[in-house]
Amino acid sequence: MWFDVPTDISEETSFKILKAVREIKPDCIINDRISNEHMDRKLVMGDYYTPEQYIPKNLDLDFETCMTLNGTWGYKYYDNDWKSPETVVKNLIKNASMGGNYLLNVGPDGRGKIPSNSVLVLKTAGKWLSENGESIYGTTGSPLKNVFYGKASCTAKPGKVFLHLFEWPETSELVLGEFNAQVKNIYFLSDKEKNPLSFNQNKTNDIRIDLKPARIDPKLLNNVVNTLVIEYSGDLEPQTLPILVDPFNTAVFTPAEAKLSGNAEYGFNNRWGENRRYEMKEWNSGGALEWDTRSIKSGKYKIEITYGANELSEDSDIHLKYLNKQIKHKITKGSNWYEPISADLGQITIEENTTGVLKVYAGHSLTNTIANFMNIKLIPIRE
């Protein structure tokens, strides 16, 4: 039973409805919107959480993301802001990789017809799903963390991990850190022959997969999302890993994966429209974000920071501390809070198998949130 927008209902009334449903059908699944307190992002009543128009991050509750195919729940002839088939598929994968469900709305027109643009998007996404459904249906959430710097997501079944590539690796080599089970085979899900891809697994169980185009039959690839299957033996325990730094791919450090302390808060805002998204909700003096890191090969990197800033951010500064580097960066005013500004913070050389903590913290600040921090990147310098 899916309740919606009970903004004026009392908790007493909500409980009476809940009690009645449970008495009639004890195993009925009920969403969180039976209570108006769900707006506070708390699972007060019901069985699962219903984030609307966004995919949650690091959520430990059962959930179902509800989204529209364009910008509205009903039909509007002028709303042509359709999600692409690639976006629909990626949203489906991201939800499944977190163990969540994906509710996707289509608004029929005044004659009950599904708009042709909706049909085109859904048929394309459905074609992908008909060919890759094994990696979605009956799977569990990902046992792997920090997968390929946010450019991939995983789903799993016993003895298999399905690795969905949202972007191709920069050097056509993909590294997965500390895969704590013995890998038997890696192949494309689209390959019915299961021809193995070249890979190696080192003493710390890092897996390096060779995805050089010359070694891959182009008939196995699609232009939506390509999926690898990793077959393994033994038990693959869920892991919380440091972010890997290697000279083969850019390492990206985002607030979603950071340990936050002090006056630093990151989360989804309550705005609607184009500014409905994750952002730094609070970040001022004393607030810090930290990431554990481990390098797997020696390399030289450019350090780049990206954030959004407005007139209230002027005269503030951000500090970075990592290994032998301490950097102070004065914030540059941008056009708005969500428009990304990137700045070069210099270079750093990191030796093989070096562990460390990358820390970004707020320095001088005149406001409650000095900037809308988006990410730090370590970009390999290849000579």
Need at least 2 residues that are among the polar types (S, T, N, Q) per element, so show me which strands (runs of 3 or more DSSP E) inside region 277-383 make the cut, counting only ones lying wholly within it.
288-295, 341-350, 372-380
If you check Asn324, Asn372, Asn368, Asn336, which single one turns out to be closer than 30 Å to Asn202 by Cβ and not β-branched (Val, Ile, Thr)?
Asn324
In contact with a helix residue (DSSP H, G or I) (Cβ under 8 Å, 6 or more places away or on another chain), buried (at least 17 other Cβ atoms within 10 Å of the Cβ) and not assigned by TED's automatic domain parsing to the domain that holds Tyr278: is that true of Val183 in this structure?
no
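Being hydroxyl-bearing (Ser, Thr, Tyr) and outside any strand (DSSP E or B) is the filter; apply it to region 232-260 and report the residue that is farthest from Leu323 (Cα to Cα).
Thr240
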Expected single match for under 17 Å from Ser190 (Cα atoms) and among the β-branched types (Val, Ile, Thr) among Val175, Val89, Val121 is Val89
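The values are calculated or read from the model by the stated rules, or taken from the named source; none is laboratory data. Since this is a predicted model, take the numbers as computed values, not measurements. Neighbour counts run over all protein chains shown; Cβ positions are idealised from the backbone, glycine included.
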